[in-house]
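Working notes, beginning with the structure itself.
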Ligand code: SAH
């Protein structure tokens, strides 16, 4: 069982990682390390880049405000990225920030925005979505960033759906199937989860989704959840019943 060091700050970097390499922290990272976390020269952080696993690095000042990170040793080998897709109708910014971070924490490996009939948000700030994904990945201990798709119409996504992947459709109508019974048969299959917008799905969308062979409608209880709440509830169910929660990481005991 893997042992995570939850105390040491983790940073996502976009350079190769190997023993002895020198990594220049970005201005934002340098400020955060020295002025927010109050770390000092000689302290350590953990770096990951989505390809080389996780490495310990030692801090040193670089110039007036910069920070140079000297990579020392690997703490965790690279593990495969999550294959769980999270499809969502874009929400208004604050809730979208929250939902993007929670989807990453809950183990989504792809964040795929879909435009539905009642979607109230047109443009998606992709840079902000990526920043949220990085922040969540650094915090929750994953070793890869999720793939982030461009917004696409729901019908187009469904028309080009890949063979073999099941879509868990979070359907807010009362007669949706019991999630436990519905999800158990999906264990072991590539999965995706779909959550609708603030206005819910249209009747046409619901009919179309329910008619598709690769779609499994599930109810998340008898109450109407906010879309960002539904994201966490749905991903928790899927991970518990058909996902990766059978091998939860061992926490480092607090010394
Ligand atoms: N008006 C609220 C809720 C809209 S429903 C808001 O502002 O967020 C948003 C989406 O969450 C739905 O399309 C559905 O995908 C999911 N959802 C909410 N409650 C649900 C439930 N009880 N069962 C299944 N999915 C639900």
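Quick notes
- All conditions but one from (1) in contact with a helix residue (DSSP H, G or I) (Cβ under 9 Å, 6 or more places away or on another chain); (2) crowded, with 17+ Cβ neighbours inside 10 Å apply to residue 110; the one that does not is (1).
- Summed over the stretch 211-244, the residues that are closer than 20 Å to residue 102 by Cα, more than 8 Å from the ligand (Cβ to nearest atom) and part of a loop (DSSP other than H, G, I, E, B) give a count of 2.
- Some residue of the stretch 183-200 being within 8 Å of the ligand (Cβ to nearest atom), touching a strand residue (DSSP E or B) at 6+ places or on another chain (Cβ under 7 Å) and at pLDDT below 95: no
Yes or no, residue by residue, for (1) modelled with pLDDT under 95; (2) touching a strand residue (DSSP E or B) at 6+ places or on another chain (Cβ under 6 Å); (3) surrounded by fewer than 23 Cβ atoms within 10 Å (Cβ to Cβ); (4) part of a strand (DSSP E or B):
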| site | (1), (2), (3), (4) |
| --- | --- |
| 56 | no, yes, yes, yes |
| 60 | no, yes, yes, yes |
| 69 | no, yes, no, yes |
| 75 | no, yes, yes, yes |
| 80 | yes, no, yes, no |
| 86 | no, yes, no, yes |
| 94 | yes, no, yes, no |
| 99 | no, no, no, no |
| 102 | no, no, yes, no |
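- Across the stretch 1-44, the number of residues qualifying as touching a helix residue (DSSP H, G or I) at 6+ places or on another chain (Cβ under 7 Å) and not in a loop (DSSP other than H, G, I, E, B) comes to 3.
- Residue check, residue 17 within 30 Å of residue 242 (Cα to Cα), touching a strand residue (DSSP E or B) at 6+ places or on another chain (Cβ under 8 Å) and crowded, with 18+ Cβ neighbours inside 10 Å: no
- Residue count, the stretch 155-170 (criterion: free of Cβ contacts under 8 Å to residues at least 60 places away in the same chain and either more than 8 Å from the ligand (Cβ to nearest atom) or assigned to a loop (DSSP other than H, G, I, E, B) (or both)): 10
- Whenever a residue of the stretch 171-187 is at negative phi and assigned to a loop (DSSP other than H, G, I, E, B), its partners that are modelled with pLDDT of 85 or more and more than 14 Å from the ligand (Cβ to nearest atom), lying with C-beta atoms within less than 9 angstrom and at least six residues away or across chains, give the pairs 187/241.
- Note on the stretch 125-170: residues that are farther than 16 Å from residue 193 by Cα and within 17 Å of the chain's Cα centre (by Cα) amount to 22.
The values are calculated or read from the model by the stated rules, or taken from the named source; none is laboratory data. None of the values given here were measured: they were computed from a predicted structure. Because the Cβ atoms are built from the backbone with ideal geometry, glycine has one as well, and the counts that use them run over all protein chains shown.
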